[in-house]
Every structure is written in C-alpha cells, then in structure tokens.
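Quick notes on the structure that follows.
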Amino acid sequence: QKRVDSKELKNISILGYGSCGQVYKMEHIPSKTELAVKIMHRTASGEENRRIIMDLDVIIKSYNFPYIVRCVGYFINYVNGR
C-alpha cells in the first residue's frame, strides 16, 4: 500500500463528465504512470454526498472485472471544513 499526494499528479486532459464529477487523464509524476482520476466534489447536500459514497463503493467492489477500470486507490481532500 502506498500513499499518493495529489501534488504528485499532473493533469493531462479531461476524459469526461459524470453525475458526481469529472474524470481526468493524469500522470503520477514519480512513477510516470498514466491514470484516470475521478474528481468528485463534496457539498453541503447530504444526498449528493451519499451518491459520492455509493459511487466510490461500486468502484472499489468492481476491481476484478476485465472491462472495468481498476481502482488503485482514492483520497479525500477536505476543503473549508467539509
């Protein structure tokens, strides 16, 4: 298990938009590995935050399917006390 700081990621391009956020093509600078990074913004809305948690749960549980992108990790940045 390895910790990754968001400062180690370089944005290359946007791949798409979804109901809970955006997906970006990024490079993990130290390893030079390209990643798809989904950024979901927490809000004051309890319903929106529940959708984010449900989405994360599906991503984590889907790691072993051949046609689904494998989740290698996630992190949560807290902004403005949220």
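The values are calculated or read from the model by the stated rules, or taken from the named source; none is laboratory data. Note that the coordinates shown come from a computational prediction; the quantities given were computed from them, not determined experimentally. Counting neighbours? That spans all protein chains shown, and the Cβs are built from the backbone with ideal geometry, glycine included.
Here is the figure for region 41-59: residues that are under 18 Å from residue 75 (Cα atoms) and either without any contact (Cβ under 8 Å) to a residue 12 or more places away in the chain or not in a helix (DSSP H, G or I) (or both) total 9. Would you say residue 38 is assigned to a strand (DSSP E or B) and at pLDDT 85 or above? In short, no. Going through (1) at pLDDT below 80; (2) part of a helix (DSSP H, G or I); (3) not basic (Lys, Arg) one by one, residue 77 falls short only on (2).
The residue of region 1-28 that is farthest from the chain's Cα centre (by Cα), among those that are surrounded by 13 or more Cβ atoms within 10 Å (Cβ to Cβ) and outside any strand (DSSP E or B), is 8.
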